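Some notes on the structure that comes next.
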C-alpha cells in the first residue's frame, strides 16, 4: 500500500466529519497498535474488562452476591466465542450450576432490548426467583417491550451482513446495503404501530384512525398522520448507530434536538456501541439531572435482521446526578451538549457548547 494521497485524506476527513463522532470516541486497543492486532485473545480481554467491571459495579451498588443470581442473560452483536460470554461470567464468579444462563449472539444492535424482554419473560415464569424483588433499589419499572423482526423479507435480511471482502486478505467486516435507511424506516413504522395503542392518549389514537380511514377507505390523497409521541414520553433513547439513523427517526417522529441530544452526544463521545448505546443515553439524561419521578422513557433499538425493538420504562424516583458516582458521563457532563455544525459538504466542522 502506497502513501495516501491528499485526495484520499480529504475524503477520509469528510467521512469522519459527517460521522457525528468526536475526538474522544473509543477505539479498541487492538486497533491502536502498530500493526493492528484484532485477534481472539484481545477480544476476550476486552470483553472480560467490560463485563466483569459492569457486574462488579452492580454488586457494589445493590449489595447482591454471586450466589443471589438465578438468571444470566448476555448479549453481544459480533463477538461470539466458545465457550460463550455467559460461560465466561459463570466461570469468573463461580455461579451456581443450576443457573439459567443465556448468551445472545448475532442479533444486532437491538439485542439489548431482546435481552430485557427475555429476562422479563423468564422472571414472570419463575416465581421462585427473587433477584429482582428489590423494589426500593430499582430506579425504573419496565412497562412494555415491543419487538419487530422483518427478516422474512429478503431485502431486510440482507441489508446488514457480516462477510468477507474481496481482497486477498479476505477481511471480515459488516456490509450495509443502500436500502438500509428505507428498511429501518418501514420497520420502525411497524413497531410504533404496535406500540402506539399501548402508550398514546386516546386523542392521538383517534386522529391516527381517522387519518387511516380517510387514506385507505375513502382513498383521499393525504399524508399519514404521525402521532405525537412527545405526549407519551418525556425521554427518548434512540440507538446511536449513526447520524443517518438519528436524523431519520427525528424526522419520522417529529422530535427536536433536545429529544435527540442523548443519542447524538452518545455517538459523539462513545461512538456506535451497538446494543449498549441506549444505556449510555439513559445515563446521559441521569447525569444531566433530567430524570424525574414518573417520567416515561422510550428506548428504540435498530439492528441486523432487520429488527426494531422498543422498551418503555417509568422512573420510580427522581435521579440525583451527584449520587451517580459510576455514571460514565459524570466527570465530563458539564462539557455537553456540543453541536457539530456542517458547512456546505461537511468538510469544515465547528463545535459549539450549548446550554443544558
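The values are calculated or read from the model by the stated rules, or taken from the named source; none is laboratory data. Model, not experiment: these values are computed from the prediction. Neighbour counts run over all protein chains shown; Cβ positions are idealised from the backbone, glycine included.
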Subject >> Which listed residue, of 210, 182, 151, is touching a residue at least 60 places away in the same chain (Cβ under 8 Å) and surrounded by fewer than 16 Cβ atoms within 10 Å (Cβ to Cβ) >> reply: 151
**OP:** Working only within the range 213-233, note down all residues that are free of Cβ contacts under 8 Å to residues at least 60 places away in the same chain and in a helix (DSSP H, G or I).
**Re:** 213, 214, 215, 216, 217, 230, 231
Subject >> Tally of residues being surrounded by fewer than 19 Cβ atoms within 10 Å (Cβ to Cβ) and in a strand (DSSP E or B) across the range 74-100 >> reply: 1
Original post:
Within the set of pairs 6+ apart or on separate chains, which have a first residue in the range 37-50 that is free of Cβ contacts under 8 Å to residues at least 24 places away in the same chain, a second that is in a helix (DSSP H, G or I), and C-beta atoms under 6 Å apart?
Top reply: 37/30; 38/30; 42/30
Subject >> Of residues in the range 255-274 being over 14 Å from the mean Cα position of the chain (by Cα) and not in a helix (DSSP H, G or I), the one farthest from residue 335 (Cα to Cα) >> reply: 255
**OP:** Please go through the range 42-73 and pick out each residue that is farther than 19 Å from residue 98 by Cβ and in a loop (DSSP other than H, G, I, E, B).
**Re:** 63
Original post:
Within the range 261-278, how many residues are surrounded by fewer than 21 Cβ atoms within 10 Å (Cβ to Cβ) and modelled with pLDDT of 95 or more?
Top reply: 0
Original post:
When you look at residue 142, is it at pLDDT below 95, closer than 30 Å to residue 69 by Cβ and touching a helix residue (DSSP H, G or I) at 6+ places or on another chain (Cβ under 7 Å), yes or no?
Top reply: no
